Amino acid sequence: MKCRDANRKPTMQTMTNPIVTKNDKGRYSAKGTCAKCGGNMFKFLSQADAEKLG
Ligand SMILES: [Zn+2]
């Protein structure tokens with residue numbers, strides 16, 4: 001079960017083992033595992049966030 005708030009929007013949980021990728025449009029994203037429920041997570045990142053995650 002994925003983490004959702006009362007409005008059924010995904011809530012931002014800590015992501016473990018994030019894998020940062022950059023798509024062909026220069027957009028950064030990260031895939032990882034939710035630290036809370038263990039579900040798969042995906043989110044877009046700013047360049048600064050991407051560089052922080054490595
Ligand atoms: Zn979760």
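The values are calculated or read from the model by the stated rules, or taken from the named source; none is laboratory data. Every value quoted in this text rests on a predicted model; they were computed, and no experiment measured them. Note that we place each Cβ from the backbone using ideal geometry, even for glycine, and neighbour counts take in every protein chain shown.
Per the conditions (1) of a type in the set (A, V, I, L, M, F, W, C); (2) surrounded by 10 or more Cβ atoms within 10 Å (Cβ to Cβ); (3) modelled with pLDDT of 85 or more, the sole criterion not satisfied by Leu53 is (3).
Among the residues of segment 19-26, is there at least one that is surrounded by 11 or more Cβ atoms within 10 Å (Cβ to Cβ) and at pLDDT below 85? No; the residues of segment 19-26 include none that is surrounded by 11 or more Cβ atoms within 10 Å (Cβ to Cβ) and at pLDDT below 85. In segment 16-27, the residues that are closer than 12 Å to Phe42 by Cα reach residues that are part of a loop (DSSP other than H, G, I, E, B) with C-beta atoms within less than 7 angstrom, at least six apart or across chains, in these pairs: Thr16/Ala35; Val20/Gly54. Taking segment 17-54, which residues are within 16 Å of the ligand (Cβ to nearest atom) and either assigned to a strand (DSSP E or B) or of a type in the set (Phe, Trp, Tyr) (or both)? Asn17, Pro18, Ala30, Lys31, Gly32, Thr33, Cys34, Asn40, Met41, Phe42, Lys43, listed by residue number.
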